[in-house]
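Peer 1: Here you go, one structure.
Just so it is clear, none of the values below were taken in a lab; they were calculated from the coordinates. Just so it is clear, the model here is predicted, and its values are computed rather than measured. Positions of Cβ are generated from backbone atoms using ideal geometry, with glycine treated the same way; all protein chains shown enter the neighbour counts.
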Amino acid sequence: MLELMNVSKRVGNQDHISDVSLRFDKGSLNVLLGPTLSGKTSLMRLMAGLDKPTSGDIHFNGESVVGMPVQKRNVAMVYQQFINYPAMTVYENIASPMRVAGVDGETIDRKVREAASLMKLSDFLDRTPLNLSGGQQQRTALARALVKGADLVLLDEPLANLDYKLREELRVELPKIFAETGAVFVYATTEPHEALLLGGKTAALSEGRVSQFGPTIDVYNRPADLITAQTFSDPPMNIVPMTKSGAAFAFGGASVAVSGELAGLADGAYKVAIRPHHLMLHAPGGETLVQETRVSTTEITGSESFIHVETEGLRWVALTHGVHRVEVGDKVPVYLDPHSFFVFDQQDRLVAAPSQDGLPHEDLASASAGHG
Amino acid sequence: MTRLRWLVPTLYIVFLMLPIYWLLNMSFKTTNEILGGFSWFPAEFTVESYVKIFTDPTWYSGYINSIAYVGLNTVISVSFALPAAYAFSRYRFLGDKHLFFWLLTNRMAPPAVFALPFLQLYSSIGLFDTHLAVALAHCLFNIPLAVWILEGFMSGVPKEIDETAYLDGYSFPRFFTKIFMPLIGSGIGVTAFFCFMFSWVEMLLAKSLTSVEAKPIAAVMTRTASTSGYELGLLAAAGVLTIIPGAIVIYFVRNYIAKGFAMGRV
C-alpha cells in the first residue's frame, strides 16, 4: 500500500506538487490523469524515490520511504521515452534487474523468456534495443519492469509514443499482466478515454494538485469540481453561464424548464458544463435550450466531426458522429439538453450532475471511441 | 569541368603526402646520399638507420620513455575526466558553468608558462626525470580537454537511463562501469586518442622535466643531431617511427573521431 501524505515539491520558487494526499491499495490499478505539466511525472518521481518531497511524507506498507535509496525501494518505472540499455541485448536488458539482485541463471532465463513471450519479443532477444521498432523498445522496457516483480509499478505515459494499433493492444494487456503480480500499479496519462478504458481509480491532476481521487467512473460521472471535469474531458467541456430561477435555466434570451435534481437547486447564477458530444446540432426529443451560434472551425476525422462554434463571446465545441457538412461562418442552432448539464456553483464545485439513465448518448461508448 | 573533378583532391593529397614520403625516402638513404644531391628513390637502399635505432639503447629507450609517459597520461586523464565530466553533465551546482569554461582556459596558456613552476616543484619533491612527472604535467591540458569531450558524449545519454538503472537496483559504481561506460565507449576512445596525441607531440614540458631516465624521443632526436654532426638518415628513420604510433591509434578510432569533431568539443 502506497500512501502520500500532504506531499509538496518545490523547485526554485515554483510549486511542482502542492499538498497531495493519495492512498493506493496493494494490487490496485491507479490512473494519474492530467494535461502536460500538471505534475504527473513529478508525482511519479516522488513515488519512485527519485526526488525527495519538499514537505510531507510517503509511506509504503506503513513505513516511511522518504530518503530511502531507490535501489532499495523495489520500484519499477517505465518512461514515455523508450529507455533501455543500448549496449546490451534485449535478453540482457530484461534480465538486468534480476542480474543485479543476484538471481540464479536458470530462474533468470525462465522469467526472461516468459516476459518476452508476453510482450511478443521472443524473436528479438539477441538484438540490441536500437535495432528494434519503437513499440518493441517500449515492450522491452515493460518486460524489464515486469520481471522485477516490483511492489510498485509506475508507468509514465508508456503508450504515448506508440502507434495507434499497438497502443490499443497494450492498453488492454498491461493492466492484466501487472495485476497478476499484485503490485501497486500507477499509470499516468493525458487522455481521458485511456483512463476510462483502464478503469480502476483515477486521480485527476491539475497544476500540481489532485483535484479528485476515486473510482474512475465516479470521477468521470461526478467530477467534484470544474477543474476535474475539464481534466477529464477532451476536447474541453463547454461552459455556459446560466441563471436559475424557479424551475428554469436561462442563458441569453432563451430558457429551458428543468426537473429533478436541477429543479431543487437554489435560484442564482451557475456555471453549466456540457460535454462536447452532448452539444447537439439537431434537436433531440424533449425540452432543450436553443442557442443560435456561428461556426468558427470544423475538424473532420472521418468517424466524427468537431464543430467549433461561437456565441455571445463564448467558444464551444460539438462532437458529432459522422461527417457533418457545415461551412465556417454558417449560423447554426445548438441544442442544450438539461439532462446532460453538469452544474457548478460560483466556487466551481459540482452541485448537480446528469443522472446516469437519462443521457442522450451512451456516455462511455462515445468517450472511448475518442479521437486519439 | 566534371572531368577534372579529381584534380584538386589529388593535388591536395600529393602536397600532403610529399613531406611524409620525403621523410620515408630519406630514412632509407645514407647520410652521404641525402647530402649529395636530389633523388626520388634511395640509390643505395639501406635499413641501417632503423637497425641502429632498435639496437642502440639511447635511441630505443627514447621511444619506451615516450610511450610510457603518454600511456600513463592517457590513463590518468581519462580516469579523472570521467567522473568530472559526469558531474558536469548530470548535476547543477554553484558555478558549474563558470568552472566548465575555466577548464578550457587552461588550454589557452602556453605550456612554456608552466615549465618553470613544474620544474621547480617536481625537483623539490623528487619527481624530476620520471615518467610520472611528464604524465602529470601533460594533465594540465589533457584533463580539461578530456572533460570537454566526454561531457559532450555523456550529455547525449538521457538521464532516464541512469534513473532506470538505479531503479533496477544498480549501485552507482556498477551502473557507471556496466551500463554507462559501454554507452559512451566511442567517446572514451576519442578522448583517449586526443590525450595520446597531444601528449605525444608535446615536447617543451617533456624535455624540460626530464634529463636521462625519462628522456622522450623528441629530445633524443635533437641531441643526436647536435653531437654527432648531421646523421640525417638516422633522424629521418626516427621521424618515421615517431609517426607510426599515432597512425596506429588513429586507425582504431577512425570511425568515432568525426563525431568528436562534430560536437565541436575538440
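Peer 1: Just grab the label-to-label distance for A:Ala247 and A:Asp25, each label 7 Å out from Cα along the Cβ direction, in nm (one decimal).
Peer 2: With each label placed 7 Å out from Cα toward Cβ, I get 4.2 nm.
Peer 1: Name the residue farthest towards the positive end of the dipole of segment A:256-322 from the options A:Ala318, A:Pro284, A:Leu262, assuming +1 on Cβ of Lys and Arg, -1 on Cβ of Asp and Glu, about the Cα centre.
Peer 2: Checked the options; the winner is A:Ala318.
Peer 1: Then there's this: Quick one: which residues, 5 or more positions from A:Gly27 or on another chain, have an amide H under 5 Å from its amide H? H modelled 1.01 Å from N in the peptide plane, none for Pro or chain starts.
Peer 2: A:Ala183, A:Val184, A:Phe185
Peer 1: I'd like to know how segment A:235-361 sits against the 2.2 N^0.38 Å rule of thumb: what's its Cα Rg over that expected value? Let's see the in-between values first.
Peer 2: Working: Rg = 14.3 Å, N = 127, 2.2 N^0.38 = 13.9 Å.
Segment A:235-361 yields a ratio of 1.03.
Peer 1: With springs connecting C-alpha atoms under 10 Å apart, model chain B as a Gaussian network and identify which of B:Val249, B:Val78, B:Val134 has the largest mean-square fluctuation.
Peer 2: B:Val249
Peer 1: Enumerate the calculated ³J(HN,Hα) couplings along segment B:101-114 in order (Karplus 6.51 cos²θ - 1.76 cosθ + 1.60, θ = phi - 60°), each rounded to whole Hz, writing x wherever the residue is Gly or Pro.
Peer 2: After applying 6.51 cos²θ - 1.76 cosθ + 1.60, I find 6, 4, 3, 5, 5, 4, 7, 7, 7, x, x, 4, 4, 8 Hz.
Peer 1: Nearest 5 percent is fine: what portion of the DSSP beta bridges confined to segment A:2-226 is antiparallel?
Peer 2: Working: 20 of 38 bridges.
Once the DSSP bridges in segment A:2-226 are tallied, antiparallel ones form about 55 percent.
Peer 1: Considering only B:Ala68, B:Thr46, B:Ile34, whose Cα is most displaced toward the positive end of the charge dipole of segment B:13-119, charges sitting on Cβ of Lys, Arg (+1) and Asp, Glu (-1)?
Peer 2: B:Ala68
Peer 1: Given the options B:Met203, B:Pro110, B:Gly233, identify the residue whose Cα lies farthest towards the positive end of the charge dipole of segment B:56-262 (+1 on Cβ of Lys, Arg; -1 on Cβ of Asp, Glu).
Peer 2: Checking the options against the dipole of segment B:56-262, the answer is B:Pro110.
Peer 1: Which of rounded, prolate, oblate describes segment B:1-76, given a ≥ b ≥ c as roots of the alpha-carbon gyration tensor eigenvalues and a/c under 1.5 marking rounded, otherwise prolate only if a/b is larger than b/c?
Peer 2: Working: a/c = 4.38, a/b = 1.34, b/c = 3.28.
Oblate shape, in that a/c is at least 1.5 and b/c is the bigger or equal ratio.
Peer 1: To the nearest 20 debye, what charge dipole does chain B have about its Cα centre, counting +1 at the Cβ of each Lys and Arg and -1 at the Cβ of each Asp and Glu?
Peer 2: Numbers: 17 positive and 14 negative charges, 135 e Å.
Dipole magnitude for chain B comes out near 660 debye.
Peer 1: Please work out, to two decimal places, the log10 of the ratio I(q)/I(0) at q = 0.09, 0.10, 0.18 Å⁻¹ from a Debye calculation in which every Cα of segment A:2-226 carries one identical scatterer.
Peer 2: -0.36, -0.45, -1.35
Peer 1: If amide hydrogens are placed 1.01 Å from N in the peptide plane, which non-local residues have theirs closer than 5 Å to the one on A:Val332?
Peer 2: Long-range HN contacts for A:Val332: A:Thr293, A:Arg294, A:Val295.
Peer 1: Assuming R0 = 60 Å, can you tell me the calculated FRET efficiency for the pair A:Glu169 and B:Asn32, based on Cβ-Cβ distance, to the nearest 0.05? Provide the component values of the computation, followed by the final result.
Peer 2: Numbers: r = 83 Å, r/R0 = 1.39.
The value I calculate is 0.10.
Peer 1: Taking R0 as 30 Å, what's the FRET efficiency between B:Arg107 and B:Thr222 from their Cβ-Cβ distance, rounded to 0.05? Could the numbers behind the result be given before it?
Peer 2: Numbers: r = 25 Å, r/R0 = 0.84.
Working from the Cβ atoms, E equals 0.75.
Peer 1: Considering just Cα atoms, how many Å³ per residue does the convex hull of the protein assembly as shown enclose?
Peer 2: Details: hull volume 164.1 nm³, N = 638.
With only Cα atoms used, the protein assembly as shown gives 257 Å³ per residue.
Peer 1: To continue, here is another question. Can you tell me what percent of all Cα-Cα pairs in chain B are more than 33 Å apart?
Peer 2: On the way: 12940 of 35245 pairs.
Distances greater than 33 Å cover 37 percent of the Cα pairs.
Peer 1: Averaged over A:70-82, how many beta carbons belonging to a partner chain fall within 10 Å of each residue's beta carbon? Walk me through the numbers before you get to the answer.
Peer 2: Values: counts 7, 10, 1, 3, 2, 4, 3, 6, 3, 5, 1, 3, 2.
Whole-number average of other-chain Cβ neighbours for A:70-82 is 4.
Peer 1: Classify segment B:1-137 from the C-alpha gyration tensor, please: rounded if a/c falls under 1.5, else prolate or oblate depending on whether a/b exceeds b/c. Can you show the working numbers first?
Peer 2: Working: a/c = 3.03, a/b = 1.48, b/c = 2.05.
Judged from the Cα gyration tensor, segment B:1-137 comes out oblate (a/c at least 1.5, b/c at or above a/b).
Peer 1: Something else: In segment A:283-342, which GluC sites (Glu not before Pro) fall in coil by DSSP and have 10 or fewer other Cβ atoms within 10 Å?
Peer 2: Details: sites: A:Glu287, A:Glu292, A:Glu299, A:Glu304, A:Glu310, A:Glu312, A:Glu327; in loops: A:Glu287, A:Glu312, A:Glu327.
Qualifying residues, ordered by number: A:Glu327.
Peer 1: Which value, in debye to the nearest 20, gives the size of the charge dipole of segment A:72-225 about its Cα centre, when Lys and Arg are +1 and Asp and Glu are -1 at the Cβ? Write down the numbers at each step before the final one.
Peer 2: Numbers: 18 positive and 20 negative charges, 49 e Å.
Roughly 240 debye for segment A:72-225.
Peer 1: Nothing charged except the Cβ atoms of Lys and Arg (+1) and of Asp and Glu (-1): what's the magnitude of the dipole of chain A about its Cα centre? Round to the nearest 20 debye.
Peer 2: Numbers: 33 positive and 44 negative charges, 198 e Å.
Dipole size: approximately 960 debye.
Peer 1: Rounded to the nearest 0.05, what FRET efficiency is calculated for B:Ser171 and A:Ser296 with R0 set to 60 Å and r the Cβ-Cβ distance?
Peer 2: Values: r = 58 Å, r/R0 = 0.97.
Efficiency, rounded to the nearest 0.05: 0.55.
Peer 1: Here's another thing I want to ask about it. Regarding segment A:40-119, what whole-number volume in Å³ per residue does the convex hull of its Cα atoms give?
Peer 2: On the way: hull volume 10.9 nm³, N = 80.
Cα convex hull per residue, to the nearest whole number: 136 Å³.
Peer 1: Most fluctuating residue of A:Gly12, A:Gly49, A:Gly268 in a GNM of chain A with Cα springs under 10 Å: which is it?
Peer 2: Answer for the Gaussian network model of chain A: A:Gly12.
Peer 1: Using the structure shown, select from A:Lys26/B:Lys159; A:Lys120/A:Lys201; A:Lys148/A:Lys176 the pairs with a Cα to Cα distance greater than 23 angstrom. Present the calculation step by step, with values, prior to reporting the outcome.
Peer 2: On the way: A:Lys26/B:Lys159 30 Å; A:Lys120/A:Lys201 28 Å; A:Lys148/A:Lys176 16 Å.
Beyond 23 Å between Cα atoms: A:Lys26/B:Lys159; A:Lys120/A:Lys201.
Peer 1: Related question: Starting from the Cα-Cα distance between A:Asn6 and A:Lys72, subtract it from 0.36 nm times their residue separation and give me the gain in nm to one decimal.
Peer 2: Working: separation 66, 0.36 × 66 = 23.76 nm, distance 2.33 nm.
Residue separation times 0.36 nm, minus the Cα-Cα distance, leaves 21.4 nm.
Peer 1: If you count the DSSP beta bridges with both ends in the protein assembly as shown, what percent of them are antiparallel, to the nearest 5?
Peer 2: 80 percent
Peer 1: A further question on this structure: Among the chymotrypsin sites (Phe, Trp or Tyr not before Pro) in segment B:1-102, which ones are in a DSSP loop with at most 12 other Cβ atoms within 10 Å of the Cβ? Mind listing them? Don't jump to the answer; show the numbers that get you there.
Peer 2: Numbers: sites: B:Trp6, B:Tyr12, B:Phe15, B:Tyr21, B:Trp22, B:Phe28, B:Phe38, B:Trp40, B:Phe45, B:Tyr50, B:Phe54, B:Trp59, B:Tyr60, B:Tyr63, B:Tyr69, B:Phe80, B:Tyr86, B:Phe88, B:Tyr91, B:Phe93, B:Phe100, B:Phe101, B:Trp102; in loops: B:Trp6, B:Phe28, B:Phe38, B:Trp40, B:Phe45, B:Tyr91, B:Phe93.
Sites meeting the loop and neighbour criteria: B:Trp6, B:Phe38, B:Trp40, B:Phe45, B:Tyr91, B:Phe93.
Peer 1: Then there's this: GNM on chain A, C-alpha springs below 10 Å: top fluctuator among A:Ala318, A:Ala248, A:Ala183?
Peer 2: Greatest mean-square fluctuation among the candidates belongs to A:Ala248.
Peer 1: Suppose each label sits 7 Å from its Cα in the direction of the beta carbon; what would the A:Lys176-A:Leu130 distance come out to in nanometres?
Peer 2: 3.6 nm
Peer 1: With a ≥ b ≥ c taken as the square roots of the eigenvalues of the C-alpha gyration tensor of segment A:209-266, please select rounded if a/c is under 1.5 and otherwise prolate if a/b is larger than b/c or oblate if it is not? Walk me through the numbers before you get to the answer.
Peer 2: Working: a/c = 2.88, a/b = 1.86, b/c = 1.55.
It is prolate, given that a/c is not under 1.5 and a/b is the larger ratio.
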